[in-house]
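Let me begin by presenting the structure, written as structure tokens, before commenting on it.
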Amino acid sequence: MKKEKSKALLWHRFYRGKIEVLPKCAIRSLDDFAIWYTPGVAEPCLRIKDEPDEVYNYTNKWNTVAVVTDGSRVLGLGNIGALASLPVMEGKALLFKYLGGVDAFPLPIAEQDADRFIEIVKSVSPAFGGINLEDISTPKCFYILERLREELDIPVWHDDQQGTATVTLAALINALKLVGKRIDEIKIAVIGVGAANVATIRLLEKYGADLKRMIVVDSKGILGLHREDLKSNPYKWEICQKTNAEGKVGGIAEALEGADVVIAASKPGPGVIKKEWVAKMNDDAIVFALANPVPEIMPTEAKEAGARIVGTGRSDFPNQVNNSLVFPAVFRGVLTVRAKKITDEMTIEAAKTLASFAERKGLSEDHIIPNMTESDVFPEVATAIAIKAIEQGVARINMSKDEIYEEVSKMIKTTQEKLRKLMELGFIPEPPS
């Protein structure tokens with residue numbers, strides 16, 4: 001980690017950013033600009049004016065995503081504002097392009113009022129085929145996502161919520177296969193009630209988890225009907241009403257007692273979850289400690305305490321539960337079929353596809369989720385998402401499964417080949433050592 005930190009400023013300054021815009025059309029001479037710009041460009045403009053959906057045929061809207069934030073909750077840095085968030089949003093755009101062949105544009109917005117932020121996003125939305133919300137604080141991130149999903153006719157996704165929930169569900173599906181337990185019968189402890197875990201709770205419920213058997217903990221203790229201090233928070237109060245049927249009180253220690261699974265996305269460790277608490281979980285316990293940069297409990301400690309399967313958010317431990325497996329493929333799929341929205345059913349389909357991919361590669365206690373290096377997972381997830389969009393009637397165009405897979409695979413491979421060629425030719429120089 002120290003090595004990465006020492007290179008971060010050096011490399012970012014050397015390249016002066018991580019993405020750029022290049023032409024994708026042929027320019028043989030300046031005469032061609034009479035077609036690409038004035039006067040020729042008037043013809044597609046008039047066609048789009050008369051038939052708005054033609055914008056997907058005459059412009060790059062079909063393949064563009066805005067990576068939008070207000071900078072109010074950036075990584076582990078807190079509210080650093082829109083300007084300071086730009087390196088993170090560029091990094092997200094880089095992942096979109098490299099892993100999904102998606103043209104993503106960083107769009108930090110210097111506005112932290114939720115309603116004004118929504119109006120700004122709606123105003124710029126004609127330029128984009130999708131919106132990826134990023135690093136927005138709770139609880140306004142829930143409100144912003146709900147409003148934009150309702151009011152825009154392009155897919156809107158909050159990766160901190162839906163991306164994390166999707167990959168967590170995928171990992172849980174396979175972990176439960178290994179331990180021989182059913183999702184509707186297990187007890188789940190959820191530590192932290194931020195964007196990621198609120199979305200995870202909702203997705204687990206959709207998938208079949210029994211929320212009455214779930215125990216959720218925030219910074220003040222276990223949620224339940226006794227937590228009248230949360231009545232003014234509609235998102236947490238809903239969880240209070242749906243979970244903890246047995247009326248447990250206390251904190252993390254009490255939540256873990258008798259649990260089959262713990263999903264933690266709270267504050268960085270170490271020591272947020274203690275070994276002795278994991279030891280009181282049921283046999284074949286599953287521990288997902290997802291805080292970065294340090295998990296709530298280190299994997300070795302969780303294993304020593306009796307956990308059978310452990311996942312974290314880090315790449316240097318087995319079972320990295322990382323939403324980078326999800327968002328490039330999800331948007332590749334929805335953009336390919338020009339979907340109007342991303343439904344919960346589409347999200348579950350992505351999780352099931354991730355789980356199935358890992359299972360085909362061979363499940364083990366140290367391999368319950370695909371690795372980022374398994375690049376063939378992205379076309380599979382994109383195809384599954386696109387097919388589900390067509391089935392649910394939210395896609396603008398209809399394609400066969402084979403057609404979708406061929407197109408998305410080609411786009412992703414072509415992007416990576418272009419990058420390799422630019423590096424080989426020296427247009428992208430090697431980073432400084």
Q: Over the stretch 16-155, average the accessible area per residue using a 1.4 Å probe and give it in Å², no decimals.
A: 54
Q: For the chain, give the share of DSSP beta bridges that are antiparallel, in percent and rounded to the nearest 5; count only bridges with both residues there.
A: 15
Q | For the stretch 65-198, with +1 on Lys and Arg beta carbons and -1 on Asp and Glu, the positive-most of Ile191, Val88, Ser137 along the dipole | A | Ile191
Q) Around Val287, with a cut-off of 15 angstrom between Cβ atoms, what is the net charge of the other residues, counting Lys and Arg +1 and Asp and Glu -1? A) -2
(Q) Charges at C-beta only: +1 for Lys and Arg, -1 for Asp and Glu. How large is the resulting dipole of the stretch 215-340 about its Cα centre, in Debye rounded to 20? (A) 640
Q: State in Å² the accessible area per residue of the stretch 228-382; use a 1.4 Å probe, count heavy atoms of protein chains only, and round to the nearest integer.
A: 39
Q. How do Val193, Val74 stack up against each other in accessible area, from largest to smallest, with a 1.4 angstrom probe?
A. Val193, Val74
Q. To the nearest 20 debye, what is the magnitude of the charge dipole of the stretch 315-433 about its Cα centre, counting +1 on the Cβ of each Lys and Arg and -1 on the Cβ of each Asp and Glu?
A. 560
**Q.** Acute angle (nearest 10 degrees) that the helix 114-124 long axis makes with the longest principal axis of the chain, alpha-carbon atoms
**A.** 30
Q: Label the stretch 305-433 by shape, choosing from rounded, prolate and oblate, from the square roots a ≥ b ≥ c of the eigenvalues of the Cα gyration tensor; if a/c is under 1.5 it is rounded, and otherwise prolate applies when a/b is larger than b/c, oblate when it is not.
A: oblate
**Q.** Entries in Lys303/Lys361; Lys61/Lys92; Lys140/Lys275 that, when Cα-Cα distance is taken, lie over 27 Å
**A.** Lys140/Lys275
Q. Once fully extended, how much extra length lies between Glu417 and Phe14, figured as 0.36 nm per residue of separation less the alpha-carbon to alpha-carbon distance?
A. 142.8 nm
**Q.** Cα-derived Rg to Rh of the stretch 232-362, Kirkwood definition
**A.** 1.03
Q: Could you calculate, for the stretch 386-425, the ratio of the Cα radius of gyration to the Kirkwood radius, expressed as Rg to Rh?
A: 1.23
Q. Just going by the charge dipole of the stretch 312-433, with Lys and Arg at +1 and Asp and Glu at -1 on Cβ, which of Val394, Phe357, Leu422 is farthest out on the positive end?
A. Val394
Q. With the chain treated as a Gaussian network of Cα nodes joined by springs under 10 Å, which of Pro126, Pro268, Pro39 yields the largest mean-square fluctuation?
A. Pro39
Q. Spin-label point model (7 Å from Cα, Cβ direction): what's the Asp184 to Thr373 distance in nm?
A. 4.0
Q) For helix 86-100, what angle does its Cα long axis make with the longest principal axis of the chain, in degrees from 0 to 90 and rounded to 10? A) 80
**Q.** Cleavage-rule hits, GluC sites (Glu not before Pro), the stretch 245-284, DSSP coil, Cβ neighbours within 10 Å at most 12
**A.** Glu246
Q) Which of rounded, prolate, oblate describes the stretch 148-279, given a ≥ b ≥ c as roots of the alpha-carbon gyration tensor eigenvalues and a/c under 1.5 marking rounded, otherwise prolate only if a/b is larger than b/c? A) oblate
Q: Please label the shape of the stretch 7-150 as rounded, prolate or oblate, based on the square roots a ≥ b ≥ c of the eigenvalues of the alpha-carbon gyration tensor (a/c under 1.5 means rounded; beyond that, a/b larger than b/c means prolate, else oblate).
A: oblate
(Q) Cut-off 10 angstrom, C-alpha nodes, Gaussian network model of the chain. Which of Leu107, Leu178, Leu354 fluctuates the most? (A) Leu178
Q: Give me the distance between the Cα centres of the stretch 394-425 and the stretch 61-137, rounded to whole Å.
A: 23
Q) Using a 1.4 angstrom probe with every protein chain in place, what is the largest-first accessible-area order of Ser232, Ser125, Ser6? A) Ser232, Ser6, Ser125
Q: Could you go through the stretch 220-229 in sequence order and give the Karplus-derived ³J(HN,Hα) for each residue, using 6.51 cos²θ - 1.76 cosθ + 1.60 with θ = phi - 60°, rounded to whole Hz, and x for Gly and Pro?
A: 9, x, 5, 7, x, 5, 6, 8, 5, 5
Q. In a GNM of the chain with a 10 Å cut-off on Cα contacts, which of Ser219, Ser137, Ser356 has the highest mean-square fluctuation?
A. Ser219
(Q) Skipping prolines and chain starts, which residues have an amide H placed within reach, meaning under 5 Å, of the one on Ala104, given they are 5 or more residues away or on another chain? (A) Val65, Lys97
(Q) Nearest 10 degrees is fine. How inclined is helix 140-151 to the longest principal axis of the chain, computing both from alpha carbons? (A) 50
Q: Taking the Cα centre of the chain as origin, work out the dipole magnitude from +1 charges on Lys and Arg Cβ and -1 charges on Asp and Glu Cβ, in debye rounded to 20.
A: 700
Q. So how far, in whole Å, is the C-alpha centre of the stretch 220-285 from the one of the stretch 1-25?
A. 40
Q | Answer label for Cα extents along the principal axes in Å (calculated), chosen among [x] 75, 47, 43; [y] 65, 52, 41; [z] 92, 51, 48 | A | [x]
Q) Which trypsin sites (Lys or Arg not before Pro) does the stretch 150-204 hold that lie in a coil by DSSP with at most 15 other beta carbons within 10 Å? A) Arg182
Q | Accessible surface of His12 - all protein chains present, 1.4 Å probe, nearest 10 Å² | A | 80
Q) Within the chain, which is the longest segment containing none of the chymotrypsin sites (Phe, Trp or Tyr not before Pro) that sit in a DSSP loop and have at most 14 other Cβ atoms within 10 Å? A) 38-426
**Q.** Unit charges at the beta carbon, dipole of the chain: most positive-side option, Pro379, Val287, Pro431
**A.** Pro431
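The values are calculated or read from the model by the stated rules, or taken from the named source; none is laboratory data. Just so we're clear, the structure is a prediction, and the values are computed from it rather than from any experiment. Methodologically, a virtual Cβ is constructed for each residue, glycine included, from the backbone with ideal geometry; neighbour enumeration extends over all protein chains shown. Remember, those area values only see protein heavy atoms, side chains included, never the ligands or the DNA or RNA. Shrake-Rupley method; radii C 1.70, N 1.55, O 1.52, S 1.80 Å.
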